[in-house]
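Here's the structure we're looking at; comments come further down.
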Amino acid sequence: MSIIGITLVLITVWRLAYKPARPVVWITAIPTLLITLQLSYLLTLGLAIFFWAIYAICLTIYMATKQRRQWISAPLLHQFRKVMPRMSKTEQEALDAGDVWWDGELFSGSPNWDQLLHYPKSELSSEEQAYIDGTVNELCQMLDDWQITHHDQAMPPKVWNFIKDSGLFGMIIPKDYGGLEFSALAHSTIVMKIASKSIAAAVTVMVPNSLGPAKLLLHYGTEEQKERYLYGLASGSEVPCFALTGPKAGSDAGAIPDLGIVTEGTYKGKKTLGIRLNWEKRYITLAPVATLIGLAFKLEDPNHLLGDIEDLGVTLALIPRRTKGVEVGERHMPLNIPFQNGPTRGRDVFIPMEFVIGGQERVGQGWRMLMENLSEGRGISLPALSTGAGKMASRYTGAYAAVRQQFGMPIGRFEGIEEALARIAGMTYQMEATRQLTLDALDSGKNPSVISAIIKYHTTERYRQVINDAMDIQGGSGICLGPSNLWGRAYQAIPIAITVEGANILTRSMIIFGQGAIRCHPHILGELEAVNEDNEELAVRKFDKALFNHIFFVIANIARTLWLGLSHGRLSRRPVSGVAGLYFQRLNWMSAAFALSADVALMTLGGALKRKERLSARLGDLLSELYIASATLKHFVDQGKLEQELPLMQWAMENSLYRMQEALRGLFRNLPLRPLAWILRFLVFPTGLRFHHPTDRMDKAAAKLLLQPNETRDRLTQHIYTSRNPDERVGLLDLALEAASAAAPVEKILRDARHAGKISRKGAQGLVGQALEQGVINQDQADKLARAEELRDQVIQVDAFKDLKSKATPKPRTKRAKPKAKPAAETEAP
């Protein structure tokens, strides 16, 4: 009977912890249960005393607030301060920047899926859609990427003028200042479409609309500064750049060595209070052609002209190119992607205080200003470029794999090619879903700093993967550069996307979890605030509250993780039915596992976790995949849970769940306190590892969607540049795919007829001629075969040059004589 009593006690404690219950419920429920069990003779006297003693100790600790703070919280706070040093000003400003959004729900261990699914989806306005269909499409038709990258190594003047005149430099600027005032969704969609035609042009457009003078002026500029500069930035008469990175301050931008000294000087013939600057910056996009330079520097006031503080901190200023001492004009060449990028230097440059963004009152606030606005740039521009690459690979490498034949069949039907195509399709679905969800947040006024780091890192890494897969499928046609090669420049540009806006290695190992753990965890920020509180009594009170809330949080996640691990999430709530509902339950399990694992790592390693970058990276991977999987399911539901999209959703979810599992395995294998790691692994995976790579059948289903024209393929690749012109490579591939799909049933008729002995390979007429003569096919079907073969022949040609050194126009692709109705089926292996 005692076993029954113990079981009932444990079940009650588990149930109270799972949700978790309020303290008053714990206080009343436990004694009620113990009394009931004793009266029912389900607990022996010894066990009853044991449970009552535990209850009494816990109740005393909870109720004796003053003693608890004195004997428990204060000593723990002292130890906590030893392992968690005070945050620097720049660290604090980075943490304060941006908003906590869905990442906070994932950290809770119990996400509110209804909140996610009911979050409004951002939609393009009719004005934005018309602009994309008209102006942006016109720009894409003007762009000759081979001419830009190989011959001119710059965009032609007519393209620059079109970009400026059409307002593309002013997408984020309000209409009151002459801008387009587009949504984040429109901004992203425009960059994505341009990138599908020319990466150099896309970078040129996206930089003025990212972190730079316009963005900073809108948030912090004085009215005079807005009036002075925003009209010119919107019209393109002012070309902006923003100079942050230098030879000695790259990813560690807080270590900016460029120095400004508060002093008096002469400006416009008058003695003026200002700043004397010296700087050296590099890798600055648009710097060679910029007329207005945004500059980040450290400001000092040794003569106390502004006050008592000498080290004023990072400051931002706008400096016209023509200012004496400014040097620009030299260019870098980033991997033959010739957008304007280069160094800028300043030698003994004097600027008045009015050049500081926001005026004198904004002196020293530059780092906070940067941190507050970095997330929008990281969350829009690079994810748009990366998603565009995935859509291009899905549409056009898929078409190539359907048209190109080897051994008498389309290469897309080979299982090895199917595996690569499935990765392309599934990862593109993930990128599009993540892009859309992040833009939903931005357009609703959120500024999710941790999520922006997640999406920047993971979309650019998936960009790397899908283009590598596309190159593998394209083979020789992918490595021979020329006007017909859609992939060479995209392949070359991968390291650029990986490096800019925060190098990916550091973003993964230091930022995603390092910043996310403090910003998004429901209690750690409160504990850190207590550490940094100077008033000791207030510090202990804050720490006590945060600590015991944290303890209840850990207990709840232990209960949730074990229960969900035993049931594989199946007994948790699902917000929708069907296959998607099962995946929501899986994410309930992984969210609880993440919350518990993060707390174990933080509690055992403390501040040392900051130096254990690979452990931090694995926790960041887990948080990231939870976000990507959440976005995938929301995207699937928002699309109407279409059955045709199930292969993409399932592949994406299986991929993300497997990545989560592997991140947890890596964490458990490397936690320094081994017994705790074993316990944690049992709690998370009590029945063993459950997730695997997508199956071969899933690969086949996802790849199949790219190998023929269909609505799902069109939805997946929406908002990239397309054409019906066979003189353009993208148009030729689409037309060839349609022709191949139309001819496929006829080719099957020929194969069946040959296997039945009705026609044979022998004879001058060939299979098609015999089939026509025997009435196996009609003339219309023969024409379909001929059309498919003609376009296939054009697709498989590659560019050739008479003289590579001269950069001459490539030799036209050889077009063989029109075949005598000899389809691919004729070469099929017996």
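By the combined test of axial Cα extent (at least 27 Å) and Kyte-Doolittle hydropathy (mean at least 0.5), the qualifying DSSP H helices of the chain come to 536-567, 578-605.
Taking the Cα centre of the chain as origin and assigning +1 to Lys and Arg Cβ atoms and -1 to Asp and Glu Cβ atoms, the resulting dipole is close to 2020 debye. Remark on Y267: its backbone amide H falls under 5 Å from those of T272, a criterion applied only to residues 5 or more positions apart or on other chains, H modelled at 1.01 Å from N. Note on S444 and R751: with the Förster distance fixed at 45 Å, the Cβ-Cβ geometry gives a FRET efficiency of about 0.25. Relative contact order, whole percent, for the chain stands at 14, derived from Cα pairs under 8 Å and 6 or more residues apart.
Averaging the Cα positions of each part gives two centres, and for region 774-799 and region 499-521 these lie 53 Å apart.
Net charge near I261, counting Lys/Arg +1 and Asp/Glu -1 over other residues with Cβ under 15 Å of its Cβ? All intermediate terms of the calculation are to be shown ahead of the outcome.
On the way: positive: R276, K298, R347; negative: D258, E264, E300, D301, E310, D311, D348.
Value of the local net charge: -4.
Binning the C-alpha pair distances of the chain at 10 Å intervals from 0 yields a P(r) profile of 2, 12, 19, 21, 18, 13, 8, 5, 2, 1, 0 %, listed from the shortest bin outward. Note on region 390-450 and region 666-692: Cα centroid distance 33 Å, given to the nearest whole angstrom. With contributions of -39500 (n - 2.57) from each DSSP H run of at least four residues, the per-residue ellipticity at 222 nm computed over the chain stands at -17500 deg cm²/dmol. Rolling a 1.4 Å probe across the protein heavy atoms gives the chain an accessible surface of 43 Å² per residue.
In the structure shown, the pairs K456/K704; K610/K634; K634/K704; K193/K634; K175/K215 are assessed against 21 Å; a Cα-Cα span above that value is assigned to K456/K704; K610/K634; K634/K704; K193/K634. Database remark: amide H of I319 closer than 5 angstrom to the amide H of I293, G294, L295 (H placed geometrically; neighbours at sequence offset of 5 or more, or on other chains; Pro and chain starts carry no H).
In this structure Y18 has an accessible area near 30 Å², from a 1.4 Å probe over the protein heavy atoms.
On a 1.4 Å probe surface of the protein chains, which of M155, M510 comes out largest in accessible area, and what is the full order?
Details: M155 20, M510 90 Å².
Ranked from most to least accessible, the order is M510, M155.
Would you kindly state how much longer the chain becomes between M142 and M603 on full extension, computed as 0.36 nm times their sequence separation minus their alpha carbon distance, in nm to one decimal? Present the calculation step by step, with values, prior to reporting the outcome.
Working: separation 461, 0.36 × 461 = 165.96 nm, distance 5.77 nm.
Taking 0.36 nm per residue and subtracting the Cα distance, the gain is 160.2 nm.
Between A800 and K811, the built amide H atoms are under 5 Å apart, and every one of these is 5 or more places off in sequence or on another chain.
Using only alpha carbons, region 653-702 has a radius of gyration to Kirkwood radius ratio (Rg to Rh) of 1.12. Label separation (R669 vs I57): 3.8 nm, computed from points 7 Å beyond Cα along the C-beta direction.
Based on the mean of other beta carbon atoms within 10 Å per residue, what is the order of 282-290, 464-472, most packed first?
Details: 282-290: 22.4, 464-472: 20.2.
Descending mean neighbour count gives 282-290, 464-472.
Packing, taken as the mean count of other beta carbons within 10 Å per residue, orders the peptides 577-589, 768-780 from highest to lowest as 577-589, 768-780. In region 274-365, the portion of solvent-accessible area held by carbon and sulfur atoms comes to 43 percent [1.4 Å probe, whole percent, DNA, RNA and ligands not counted].
How would you order 389-399, 493-503, 127-137 from highest to lowest mean count of nearby Cβ atoms within 10 Å? Mind dumping the intermediate values first?
Values: 389-399: 27.8, 493-503: 19.7, 127-137: 16.1.
Averaged packing, sorted descending, gives the order 389-399, 493-503, 127-137.
Let's see if you can work this out: charge +1 on each Lys and Arg Cβ, -1 on each Asp and Glu Cβ, no other charges. What is the dipole magnitude of region 637-735 about its Cα centre, in debye to the nearest 20?
Details: 14 positive and 12 negative charges, 146 e Å.
I would put it at about 700 debye.
Since only L673, G514, M590 are under comparison, the one whose Cα sits farthest along the positive direction of the charge dipole of the chain, derived from C-beta charges on Lys, Arg, Asp and Glu, is L673. With just the Cα atoms defining each centre, how far is region 626-645 from region 149-179? Give it in Å. Cα centroid of region 626-645 versus Cα centroid of region 149-179: 35 Å apart.
The values are calculated or read from the model by the stated rules, or taken from the named source; none is laboratory data. From a predicted model like this one, the values you see are computed outputs, not experimental measurements. Reconstructed Cβ throughout: ideal geometry from the backbone, glycine too, with neighbour counts over all protein chains shown. SASA here: full protein model, heavy atoms, side chains in, ligands and nucleic acids out. Shrake-Rupley method; radii C 1.70, N 1.55, O 1.52, S 1.80 Å.
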